[in-house]
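Worksheet: one structure, shown below.
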Amino acid sequence: MKKLARLLTLVALSAFAQEQQVVQSGTPAVLEAANGKKLQVFLQRMDGSNLTFQPRKSPNDMTVPSSKISSLQFFPKYDAAAVEEAFSVGDYNKVLSVLEPIMEPLEQYMPIANNLQDTFLMLMKSRFAMADFTKVRQSCDLLLANDSDPKLTIQGTVYKALAALAESDVPTAQTLMDGLESEAAKLYLRACIERAQQQPKTAIQTVTGIIAEHGNDVDWLAPSELLSAHLYLDMAMTNSALNTARQVRNIYAGTHISGDADKLYRQLGGEEAATDKQGT
Amino acid sequence: MKRVSSGLIISLMVLTASVCLGADDDPTPAEMLTEALKHMQAERFEDAVIMMYMYLGEVEESKAPRVITIAQDIRFKLATILIRSKRLDEAAAVLDDYIDLQMACDHPRQARRMRATCYFEIEDYDSCISAVTNALEYNANPIVQARRGSKSDDDDDDVIFKDPEPEAEFTPEELTMLHMMLAESYFTILKWAECIEPFEYVIAHTTEEQRKGYAIMQVINALIEIPDFDRITAWIPQLYRTTARYDIRVNLALMNAAAALSEAGEYDSALPLYRMILPRDELVAYQERKIRDIRIAHGLPPDMDEEMTADEMLLFGVADEREAETGEMNAQTGLLEEKPKELIEQENLIIALKELPPYENDVNYRMADIYKTVERYWEGLRFFDIVYTADPASEIGERSIYELVDTLIEALNEPDEAERRGFDYMSKYPTGMTPRQIAYMINGYHHKHEQMARVKGIKPYLDGLVRTNDATILKYDAELYFMQAVADLMLLNYEAAETGFKFVLDDFPESHQEANSLYWYAMAKLFLQKFDSAYSDFESYLKRFPDETYVDECHYQSGVCLFGMEKYDEAQERFAYVIDTFPDSSIYPEACSMRGDIYGSQGLLDEAIADYERAIAAAQKPPQATYAVFQMAEVYEAEDKYDDIIRAVESYLDVWQAQADIAKALFWIGKTKIQQQKFDEAVTTYVDAIVKYGGDVRQDGVDLMIAELVRVVAVYLDSEAENELKTKLQTALETTDDLTLQLRLRVTLAMLNRTETELGKQLLSELPDLENASPPVLACICDASFEMEDYSRAEELLRIFIIKFEDSDYMRAAYKLRGYGQYADQDYEGALQTIEEAQENYGTERDVAWAQLMKAQILLDQGRIAEAREANMNILNIPAWRGSPVAQATFQLGLVEEAAGEPLKAFGFYQRAYFQYKGHSGGYWAAEAYLASARCLEKLGLNNDRRNTYRAMLFDPYVSDLPQAEEARRVLGASEVAEIEAYIETGGATNITIDVEVPSAEEATETKEVVS
């Protein structure tokens, strides 16, 4: 029995020694190759469209074209529910404070399909909300390099254009808009451009086109309606802006658009109005 | 369905079986059991049921555990067969017995679940609720069953039943279905609050998207009924994210729910529900795909009434286990009743859906309505437009175009677009109420904004509407045409207004606007100075409508007509009647002022003052007091009562404060100071007032001050004071951004510098429009145009005066420009009309002598010799027109006689013109008269006299240098002309001796005009 115990200890020590010999650095992930095989890896870097990684327990770098990779799975440790909650109420500072350090080493891999794409979108939108347009553009470029999901391309294009608009670069926004394939996204961007060109009346008519013709487009209906609220405000139709903001807040409850609408609603005195109504 | 007692069924079955088998051949319970199982195995379920009932009837009373155990097993099997045979009420009764016995119950959970299903299917919802509740309770807390029984019917010793295999708890799917049945049962018996919790369970646990969506929908429906709108709002986003939106039932329920929410004012909740409703065609297509899938799943041809092709069989397979298990399809006959239940349900739903009238327009309209209600006007607009475009001629289409135009006009202030859409509709759909309502709306907007020209824009479309005898439509038409005439009136198109009101009176007799039309018809005539006719209509109104609104007004206006007809006594009486009868009327102050004017004209100044004071005291509006105060000031001025002027004006300012015509008041105050020799103070008052009030183009008091200021400077100020004043005005000009004030200051400076014409020319090219031009500025432009003989804007300028500055004294310049323009265009009737208006306004004032001269010339041009002669002769009799006008009139009289074939008489007038008036108009008329005289003498064959006339012309220093003298030089020839010139150089003179009138300063200006 003692012999057996000693033997087991030796085996364990040997395994430990092996582990000790391969000290690996990089971003741990599971890589799924195009042929369906999965591999535990430590990602090293992206060079253009090539991904360099070390397989687990191997000190050797391997470089493969990203087109050979089906997807990556990351394992960041953070309270995802809390971040989503913060995002849905428009607490972008909190989102950024949590996600920036986590996503910083991962961002370079975003051109490859992965399990954090939605999180990355959340990060990009939060950066936009906080007017960090340089980072928004960088994020958009990464999204545009990812051809796994047309939705990402559209979001990347639209937000890149919005960042350009925020810095008064209408021609760039226009060019990006022309390249969009989603009709609803294109109309949304057009309305944003028209708004930037101080044409709120034209813009709101474009928005109503989205509401009427693309009423089931879950990606662009909510932002379009929120844009409508802002356009009413631009036209000094405060009651209309207030009511639109309230409806967007209620209809899209649980989304960041609802959070943004709530902020606008309160900014316009919505809560006071609600309190007054209750009072009467 | 009523519940069936299992005991009763068993008795009946036993009886039936006894009859069938014969009394003598009674089988034993064991045989019955064997027989039942045989039938069952052979799938002869009806026979199996009979045997099972017989068996149960036989052993019902037995207490033997073994018998009880077998009987319970048979009960469970019997229930299963009955369910399969759709004899659900019987099955429920059997299961009741099975469960109630509480012994040898091997399937307590499944029995309870089956019982609940049976009650649900037979729509016995109260029993279903009990059954489900019981099943769920049992599942959570299984009852410890009585385990004791008898060995046999005869043996009283208790025995313990053999423990059955423990039954599995309900699966999640079974639990979900039980909750669904419970929820639906509560819902069906209207227990709204109770149904929510089980539905919530379904929503939380079901794995089917569509079921989840349906459950959410039912929760929303229940919450609507409770009502609890806040909770609904929370549920809607969840529903939005499920595929249940493709469920026909959900879509129908969505419509009901949305309508209920909308009616309750819960727009935020109603709107997303409406949005989720899918168009019928889209739903049908989705459901047809679903039916196809179900059919394929059940081995049926993909499309109804079609057989599956070999390829489809290969691709989709044939009847599956489910079909074999349920046996619901007869593969040989393919009868419809054998279809799977879900397929039948689905097909029924799709039939119902197809039978529904199209609902998309209704949904879109309701959404539009909600958007509009919550002030999301642009969204509302879009949806109204969608509905209108989809079905413009329908009732909902009509409502949509109405709402669309209403939104554009009332909410978005987009009248141009409203008109575009409204007029388009009126021209395409000219019948019925809606085009009228739209016209009424557009009309109302323009009236409210005093855009009368745009009101007139409705007229062509109004004329295009199809008329009917419908009382309501007639009322609309009468109103719309009445408002058209009102617009004409406000545009000062009195002829059109007269025609318009007459149209209403003739085409819409006894309409609701008849009395008003008659009143305004008379008013239009009054404005056209058709006093007789207007008077008749006012009197007619008083007779026909003695209780209507305008009775007091009619009395007053009748007085005005009498005044116009120069029946001053009757007019005075009528005004007195109004004053005595209607002391509280709004026209009381006007009546007082009018009577005051009559007293004033009669020299009864105290009486006039008393009436003006009455008017001032009773004035309800500033203009009523303003007129009376300044009329009173005129009277006081005539009596040199300048202190009274100050008192009256200051009192007026105190009462009316900011509403008072302050500029005009200051004008009178300044005028008083001038009379008091306080020139500096007067100038300061005027300059300050011009700068302060000169930015308002309608302050005609400022314009009066400008004229008065120029007069004071010319008469009373020395050059130093004048320069100081000019510097002040120049400084004010440079420091203001107000265009109206700038123009007024520039024109004042030009008048002081006598450069009005130059300024006028400059302004003509400088001003894109005349919006900011006050009367002196307009007059300046008129003068410049006149000098350049540019009549292109004459009509516009006069119209601006008439519309904006009717009482301005500066309007005379516009009349002159217009008259000359019309004469140049040979629009003689138009010119005569303008002349008449100018003369009505300014009578025989010197600077409107042109009007009478032109009138005489036009009459001559028209060959109306006698009238032309009389017109010219009139000029000679007017003292104010002495000088240049008389010179021209004398010359024109010569032309008249020439045209009458009286060259000798003509010569007489020409001779008089160059003898007596050579000093006027720079000798222009004298020179013309010389040439005309020569022409007459030639006609008379007096050639020597003709040549002498030319010679006299060259000897006459007033005309010899004028261009006309060239004609004399040409006729006389170079040598004779040289002889005359040499003679003149030596100091020689003509033998003609004449008296020359010296022209006044005014005439010097006129001379310039004529020569130019």
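The values are calculated or read from the model by the stated rules, or taken from the named source; none is laboratory data. Nothing here was measured: the structure is a model prediction, and the numbers come from that model. Don't worry about glycine lacking a Cβ; one is built from the backbone with ideal geometry, like all the others, and counts go over all protein chains shown.
Against the conditions (1) at pLDDT 85 or above; (2) of a type in the set (A, V, I, L, M); (3) assigned to a helix (DSSP H, G or I), where does B:LEU190 fall short? Just the number, please. Among (1) at pLDDT 85 or above; (2) of a type in the set (A, V, I, L, M); (3) assigned to a helix (DSSP H, G or I), the lone unmet condition for B:LEU190 is (3).
Taking helices (runs of 4 or more DSSP H) as the structural unit, those lying wholly within region B:447-566 and holding at least 1 residues that are among the hydroxyl-bearing types (Ser, Thr, Tyr) and farther than 24 Å from B:PRO589 by Cβ correspond to B:459-463, B:471-490, B:494-507, B:514-527, B:531-544. The condition of being among the aromatic types (Phe, Trp, Tyr) and under 12 Å from B:GLU708 (Cβ atoms) holds for only one of B:PHE630, B:PHE679, that being B:PHE679.
This table checks each residue for (1) farther than 22 Å from B:MET180 by Cβ; (2) of a type in the set (Val, Ile, Thr); (3) surrounded by 19 or more Cβ atoms within 10 Å (Cβ to Cβ).
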| site | (1), (2), (3) |
| --- | --- |
| B:LEU223 | no, no, yes |
| B:ARG231 | no, no, no |
| B:VAL250 | no, yes, yes |
| B:GLU266 | yes, no, yes |
| B:TYR286 | yes, no, no |
| B:HIS298 | yes, no, yes |
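Scanning region A:255-274 for residues that are more than 9 Å from chain B (Cβ to nearest Cβ) and polar (S, T, N, Q) yields a total of 1.
Considering (1) more than 26 Å from B:MET276 (Cβ to Cβ); (2) away from chain B (no Cβ under 14 Å); (3) β-branched (Val, Ile, Thr), say which one A:ILE154 fails and leave the rest. Every condition holds for A:ILE154 apart from (1).
Has region B:321-334 got any residue that is away from chain A (no Cβ under 14 Å), at pLDDT below 75, over 42 Å from the mean Cα position of the chain (by Cα) and under 25 Å from B:TYR246 (Cα atoms)? No: region B:321-334 contains no residue that is away from chain A (no Cβ under 14 Å), at pLDDT below 75, over 42 Å from the mean Cα position of the chain (by Cα) and under 25 Å from B:TYR246 (Cα atoms). Helices (runs of 4 or more DSSP H) fully within region B:207-270 that include at least 3 residues being out of contact with any Ser or Thr (no Cβ under 8 Å at 6 or more places or on another chain) and within 11 Å of chain A (Cβ to nearest Cβ): B:229-240.
Scanning region B:769-804 for residues that are surrounded by fewer than 24 Cβ atoms within 10 Å (Cβ to Cβ) and in a loop (DSSP other than H, G, I, E, B) yields B:ASP769, B:LEU770, B:GLU771, B:ASN772, B:MET788, B:GLU789, B:ASP790, B:TYR791, B:SER792, B:ARG793. Being surrounded by fewer than 21 Cβ atoms within 10 Å (Cβ to Cβ), of a type outside the set (D, E, K, R) and under 16 Å from B:LEU37 (Cβ atoms), is that true of even one residue in region B:78-96? Checking region B:78-96: at least one residue is surrounded by fewer than 21 Cβ atoms within 10 Å (Cβ to Cβ), of a type outside the set (D, E, K, R) and under 16 Å from B:LEU37 (Cβ atoms). Reported count of residues in region B:874-909, each being closer than 16 Å to B:ALA851 by Cα, outside any helix (DSSP H, G or I) and either of a type in the set (D, E, K, R) or in contact (Cβ under 8 Å) with a residue 12 or more places away in the chain (or both), is 3. The set of residues in region A:194-239 that are facing chain B (nearest Cβ under 8 Å), in contact with a helix residue (DSSP H, G or I) (Cβ under 6 Å, 6 or more places away or on another chain) and polar (S, T, N, Q) comprises A:THR208, A:SER228. Only a single criterion out of (1) within 14 Å of another protein chain (Cβ to nearest Cβ); (2) surrounded by fewer than 18 Cβ atoms within 10 Å (Cβ to Cβ); (3) at pLDDT 95 or above is not satisfied by B:ARG420, namely (1). Apart from one condition, B:MET54 fits all of (1) in contact (Cβ under 8 Å) with a residue 24 or more places away in the chain; (2) farther than 24 Å from B:ARG112 by Cβ; (3) surrounded by fewer than 20 Cβ atoms within 10 Å (Cβ to Cβ); the exception is (3). Exactly one residue out of A:TYR188, A:TYR252 is in contact (Cβ under 8 Å) with a residue 24 or more places away in the chain, crowded, with 23+ Cβ neighbours inside 10 Å, among the hydroxyl-bearing types (Ser, Thr, Tyr) and more than 9 Å from chain B (Cβ to nearest Cβ), and it is A:TYR188. Output the residues belonging to region B:805-823 that are surrounded by 20 or more Cβ atoms within 10 Å (Cβ to Cβ) and part of a helix (DSSP H, G or I). Hits for region B:805-823 are B:MET811, B:ARG812, B:ALA813, B:ALA814, B:TYR815, B:LYS816, B:LEU817, B:ARG818, B:GLY819, B:GLY821, B:GLN822, B:TYR823.
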